[in-house]
Amino acid sequence: MTSPDEAASFDGERIGPVRPRRLRRTGALRGMVREHHVRREDLILPLFACPGTNVRHEIDAMPGVAQMSIDLLVEECRSAAGLGVAAVILFGIPPHKDAEGSPGYDPQGIVPRAIGAIKEAGLDDLLVIADVCLCEYTDHGHCGVIHESAAGAEVDNDRTVELLVRESLVYAASGADIIAPSDMMDGRVGRIRTGLDEAGHNDIPIMAYAAKYASAFYGPFREAAGSAPQFGDRRGYQMDPPNVREAMLEISLDLDEGADIIMVKPALAYLDVLRAARQRFDVPLAAYNVSGEYAMIKAAAQQGWIDEVRVRDEVLVSIKRAGADMILTYFAKDVARTL
Ligand code: PBG
């Protein structure tokens, strides 16, 4: 065994031994030298808007998360804003669905009405992000419209993109601060950017779900958003989990097409992808701490097997350490309360 004194004599120039524990002795010292922080400004809270009034439908696999009718959702936004949460991102549960996902681009649809109500509440510091996808609005649960090809039923990329543009325009017109396409169709960021600009919304940023993987960690979300595919899976459009070079390609395409903020999703099993994106692209980077990541912590904590607060905080700071600037997380309010 070498003593700390011997171990520290590494370059012959330093006077005295290096004892890293000196800076860990007290909370004040640890705080002063802490390298990464989760800040309120980093936090984005996902919310699920459903029809009705005074409706709160809890999601089994996501304790503390619920579908909310617009009246309750506005109160949830007020409370998030009061805690200093930076933004909410909205998903919609429409009263009915169809093959073309038309409730998703209905100007009177659930999300446009929710945006309008939040804006009317005058929560000026709270950004409203609109998730753009068709999976909550199609009766088959896929992220776009289906066509039959030789290989069977497939999502039609280019027809879907046109509908995503319509959806984006509806959300922008109803007051969304940021448009966030999560569908993984090719070329959608560019078409949405052009569409927004032509409609006079050149000031509305796009947060692109740029590297979004076909992940089993979305399981609980599909219950929350009622968006589980009725046949097949999403591997024909979301990314294959083992790939990282391809993530860099997806991100650079989205940036070329005009994305302002890029996202990696999920976060935890993809911290290396976040790090690679951080090193390569000098733009704001978001990470989505997804439903399955939340559910695992909640479930283990409910069993008394882990300490929820400490595990939560450790996980969230790992996402910052990997390189994210902002985090979409169902823990946003809980964490903001402690900051
Ligand atoms: C919609 C969408 C999904 C999530 C966010 N937007 C689900 C999916 O792609 O199946 C997942 C979020 C989560 O799991 O928390 N395309």
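The values are calculated or read from the model by the stated rules, or taken from the named source; none is laboratory data. These numbers were taken from a predicted model, which means no experiment stands behind them. Neighbour counts run over all protein chains shown; Cβ positions are idealised from the backbone, glycine included. To get the accessible areas, we keep the full protein, side chains included, count just its heavy atoms, and leave off ligands, DNA and RNA. Shrake-Rupley method; radii C 1.70, N 1.55, O 1.52, S 1.80 Å.
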- Note on the structure: GNM of the chain, Cα pairs under 10 angstrom: of ALA151, ALA324, ALA99, the biggest fluctuation goes to ALA151
- Item | Surface accessible to a 1.4 Å probe, per residue, for the residues of the chain, Å² | 46 Å²
- Charge dipole of the chain about the Cα centre (unit charges at C-beta), most positive-ward option of ALA114, SER291, ALA28: ALA28
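Relative to the Cα centre, what is the charge dipole magnitude of the range 270-339, using +1 at the beta carbon of each Lys and Arg, -1 at the beta carbon of each Asp and Glu, and rounding to the nearest 20 debye?
100 debye
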- Message: With a 10 Å cut-off between alpha carbons and a GNM built on the chain, which of LEU29, LEU316, LEU255 moves the most?
- Response: LEU29
- Projected onto the charge dipole of the chain (unit charges on the beta-carbon of Lys, Arg, Asp and Glu, signs +1, +1, -1, -1), the Cα from ILE204, PHE91, GLY304 with the largest positive-side position is that of GLY304
- Query: For the chain, modelled as a GNM with alpha-carbon contacts under 10 angstrom, which of ILE118, ILE146, ILE178 fluctuates the most?
  - Reply: ILE146
- Item | Principal-axis tilt of helix 70-82 within the chain, Cα atoms, nearest 10 degrees | 20 degrees
- Between GLU58 and ALA153, the FRET efficiency computed from the C-beta separation at R0 = 25 Å comes out, to the nearest 0.05, as 0.15
- Residue-wise HN-Hα coupling along the range 43-58, computed from phi with Karplus coefficients 6.51, -1.76, 1.60 (Hz; x: Gly, Pro): 9, 10, 9, x, 9, 10, 9, 10, x, x, 10, 6, 9, 9, 10, 5
- Query: Total Lys pairs in the chain closer than 19 Å by alpha-carbon, pairs eight or more apart in sequence or interchain only?
  - Reply: 5
- Specify the inter-centroid distance of the range 147-223 and the range 253-294, based on alpha-carbon positions, in whole Å. 16 Å
- Loop trypsin sites (Lys or Arg not before Pro), the range 151-205 (other Cβ atoms within 10 Å of the site Cβ: 14 or fewer; DSSP): none
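If you rank THR338, THR160 by how much accessible surface each has, with a 1.4 Å probe, what is the order from largest down?
Reading off the accessible areas and sorting them downward yields THR338, THR160.
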- Per the 1.4 Å probe, what fraction of the accessible area of the range 23-85, in percent, lies on carbon and sulfur atoms? 51 percent
- Note on the structure: Here, HIS96 and ASP325, labelled 7 Å along Cα→Cβ, have an inter-label distance in nm of 4.3 nm
- Task: Please tell me the relative contact order of the range 150-301 in percent, rounded to the nearest whole number, where contacts are Cα pairs under 8 Å and at least six residues apart.
- Result: 23 percent
- Task: Quick one: pull the percent of accessible area on the range 178-337 belonging to carbon and sulfur, 1.4 Å probe, ligands and nucleic acids left out.
- Result: 49 percent
- Item | Dipole of the range 192-266, positive direction: furthest Cα of ILE261, THR194, PHE231, with charges on the beta-carbon | PHE231
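Across every pair of different alpha-carbon atoms, what Kirkwood hydrodynamic radius in Å does the chain reach?
Hydrodynamic radius (Kirkwood, Cα pairs) of the chain is 21.1 Å.
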